[in-house]
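Written below as structure tokens is the structure these notes are about.
The values are calculated or read from the model by the stated rules, or taken from the named source; none is laboratory data. This one's a predicted model, so the numbers in the text were calculated from it and none came from an experiment. Please note: Cβ atoms are built from the backbone with ideal geometry, for glycine as well, and neighbour counts cover all protein chains shown.
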Amino acid sequence: MKQIVIISGKGGTGKTVITGAFAALAKNKVMADCDVDAADLHLLLQPNIKERYEFRSGKTAFIDKNKCVQCGKCIEICRFNAISPVRNDISNEVSEDFTVDRVSCEGCAFCSFACPVGAIKMEENISGEWFISNTRFGPMVHAKLGIAEENSGKLVSLVRQKAKELAEAKKADLVIIDGAPGIGCPVIASLSGIDCAIVVTEPTLSGLHDADRVISVAKHFGILAKLIVNKYDLNTDMTQKIEEYSKVNNIGLVGKIPFDKSVVEAMVKGKTITEYAGGKAKKEINEAWEKLQTGIDKP
């Protein structure tokens, strides 16, 4: 079983569009959406959720009002200003009760150690949800991280683990992963143990710069990286520089996708470009997929 991840150095390069297209073309596979901070693969694949689970991660301070003596020590030592007296929304009067702002609390637990009467406890957060679903192209594991919640890397690792377990149970040949943009923790969690990383870039200076950064991360972990240039014909001079970069750094350039309005039309209808009739982009994506099938293990 092979695992491939589609990533990008920056957002907006068309990573999810290409992931959806590959999901439509591949056979006997499991899909995973590991861009948990801004998941959108479900918009193309329209999953039917079969299993739903809570994701718990991180801790937030909780004040037991029956024990609290309002000494103010917690307010004094909280560097994140997460604890404050309760104010009446109408009169703005301050009560004797203290409250914790769940968004501001960083879960450091300093207040729980400093409280002289042990009124503050750390409680585990429900930070999001993860799902196992069916799509018209096969099973999919995906997730949704809550607003202002932490540990997206941990949730990515969980989604990847469940996708791998599902693929093994179904004897699938491939796991196709839609990764997060950038070079942060979610990307690193997406890359671990992968057979091939497909980096989607665009023909701009920032696109090449950020693609180089994420390729460097992949190389650091010993992951084979390949390039796809999306909307390459919008700036052919920059595309040529990207081609030169790929040759100098021995990065396989598996596809140059032209700008094509049919991609937008397909997305509006909730379809992948490979399901949509006609279009230059569809042909090039199909060819890129053929190249990937024969060269996942080769530079």
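Taking the options 114, 148, 167, name whichever one is more than 30 Å from residue 272 (Cα to Cα) and in the same structural domain as residue 21 (by TED's automatic domain parsing).
Among 114, 148, 167, only 148 is more than 30 Å from residue 272 (Cα to Cα) and in the same structural domain as residue 21 (by TED's automatic domain parsing).
If only one of 225, 211 is under 23 Å from residue 176 (Cβ atoms), in contact (Cβ under 8 Å) with a residue 12 or more places away in the chain, out of contact with any helix residue (DSSP H, G or I) (no Cβ under 7 Å at 6 or more places or on another chain) and of a type in the set (A, V, I, L, M, F, W, C), which one is it?
Result of the check over 225, 211: 211.
Here is a list: 288, 266, 281. Which entry is within 20 Å of residue 9 (Cβ to Cβ), in the same structural domain as residue 154 (by TED's automatic domain parsing), at pLDDT below 95 and not β-branched (Val, Ile, Thr)?
Within the list 288, 266, 281, the selection yields 288.
Return the total of residues in the stretch 184-212 being of a type outside the set (Asp, Glu), assigned to a helix (DSSP H, G or I) and surrounded by 14 or more Cβ atoms within 10 Å (Cβ to Cβ).
So the count comes out to 10.
Can you tell me which residue is surrounded by the most Cβ atoms within 10 Å (Cβ to Cβ) among those in the stretch 98-122 that are free of Cβ contacts under 8 Å to residues at least 40 places away in the same chain and in a strand (DSSP E or B)?
Result: 98.
Using the structure shown, decide if residue 218 is touching a residue at least 24 places away in the same chain (Cβ under 8 Å), among the small types (Gly, Ala, Ser), assigned to a helix (DSSP H, G or I) and under 21 Å from residue 293 (Cβ atoms).
Criteria met by residue 218.
I'd like to check something: does the stretch 142-153 contain any residue that is under 30 Å from residue 259 (Cβ atoms), outside any loop (DSSP other than H, G, I, E, B) and not basic (Lys, Arg)?
Yes, some residue in the stretch 142-153 is under 30 Å from residue 259 (Cβ atoms), outside any loop (DSSP other than H, G, I, E, B) and not basic (Lys, Arg).
For residues that are touching a Ser or Thr at 6+ places or on another chain (Cβ under 7 Å), closer than 16 Å to residue 201 by Cα and in a helix (DSSP H, G or I), tally how many sit in the stretch 245-299.
Going through the stretch 245-299 one residue at a time, the tally reaches 2.
Is it the case, given these coordinates, that residue 246 is of a type in the set (S, T, N, Q) and either crowded, with 17+ Cβ neighbours inside 10 Å or in contact with a helix residue (DSSP H, G or I) (Cβ under 6 Å, 6 or more places away or on another chain) (or both)?
yes
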